[in-house]
Amino acid sequence: MQTIQVGEFKARFSELIDAVRNGETIVVAYGRHQEKVAALIPYAQLEAGVPRTLGTLAGVAKVTFADDFEITDHELLGA
């Protein structure tokens with residue numbers, strides 16, 4: 001894994017995409033303090049579906065959906 005500043009990321013974008021395609025993770029840092037703000041990872045490493053917890057209803061309620069039910073997170077949250 002390598003950490004790279006935003007300016008260098010922009011200048012070397014195509015090269016870094018090739019590195020990610022080869023399995024490397026690129027962390028993007030921003031600002032004078034090099035705050036890590038993003039990570040570019042191979043798509044295969046992306047978590048498919050992170051289960052959502054029910055928050056205050058955890059352990060009290062249960063929800064299930066039909067196998068053919070499809071909705072985006074954006075639609076579900078009403079955002």
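Per-structure values
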item	result
Karplus (6.51, -1.76, 1.60) ³J(HN,Hα), θ = phi - 60°, over the range 26-31, in Hz, Gly and Pro reported as x	10, 9, 9, 10, 9, x
Kirkwood hydrodynamic radius of the chain, Cα pairs, Å	16.0 Å
Within a Gaussian network of the chain (alpha carbon springs, distance under 10 Å), most fluctuating of G31, G23, G59	G59
Rounded to the nearest 10 Å², the accessible area of L77 at probe 1.4 Å	120 Å²
Beta bridges per DSSP with both ends in the chain, % antiparallel, nearest 5	55 percent
For the chain, built as a Gaussian network whose Cα springs stay under 10 Å, the top-fluctuating residue of T56, T25, T64	T64
Table column - 3J(HN,Hα) (Hz), the range 58-72, Karplus curve with 6.51, -1.76, 1.60, x for Gly and Pro	4, x, 10, 10, 9, 9, 9, 10, 5, 4, 8, 6, 9, 7, 7
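The values are calculated or read from the model by the stated rules, or taken from the named source; none is laboratory data. Computed from a predicted structure; not experimentally measured. For accessibility, only protein heavy atoms count, side chains too; no ligands or nucleic acids. Shrake-Rupley method; radii C 1.70, N 1.55, O 1.52, S 1.80 Å.
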